[in-house]
Amino acid sequence: TASQEEILSDGRFSCITRDPRFWEMPEKARKIKIDKRFRAMFHDKKFKLKYTVDKRGRPVNYTSTEDLRKFYALSESDSDLSENDSKEHTKKKIKKKKAKSKSEADS
């Protein structure tokens, strides 16, 4: 970091610290906000690809869902709704499974 201090103290590069074009992007602004219509891509098997090698041919244990979570986030207004919806969705699945097992037992 001593070299960074030397560079910033140089008059030719002093404007870099004040220029917003060179500031690091905030964490919240990095991810693209998507609404609840597209939340299925985080858990749907159709969007999940399992990679065995990276782009240079080295073996990895990696899935595409990690990339989705890295680059996309649910919009703030929908994130609370999506958490509640996902809980209700799993409850509905459990109820359906129980109902099916009871009907199968009756026949």
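The numbers here are math on the coordinates, done by the rules we state, and not lab data. All values derive from a computational prediction rather than experimental measurement. No Cβ is skipped: glycine too gets one built from the backbone with ideal geometry, and neighbour counts run over all protein chains shown.
A few points about this structure:
- Chain lengthening between V60 and A73 when straightened (0.36 nm per residue, less Cα-Cα): 2.2 nm
- Anisotropy class assigned to region 4-65 is oblate, per the alpha carbon gyration tensor with a/c at or over the 1.5 cut-off and a/b no larger than b/c.
- Candidates per trypsin sites (Lys or Arg not before Pro) in region 1-82, loop by DSSP, up to 16 other Cβ within 10 Å: R18, K31, K48, K55, R56
- Filtered chymotrypsin sites (Phe, Trp or Tyr not before Pro), region 17-61: DSSP coil and at most 10 other beta carbons within 10 Å: W23
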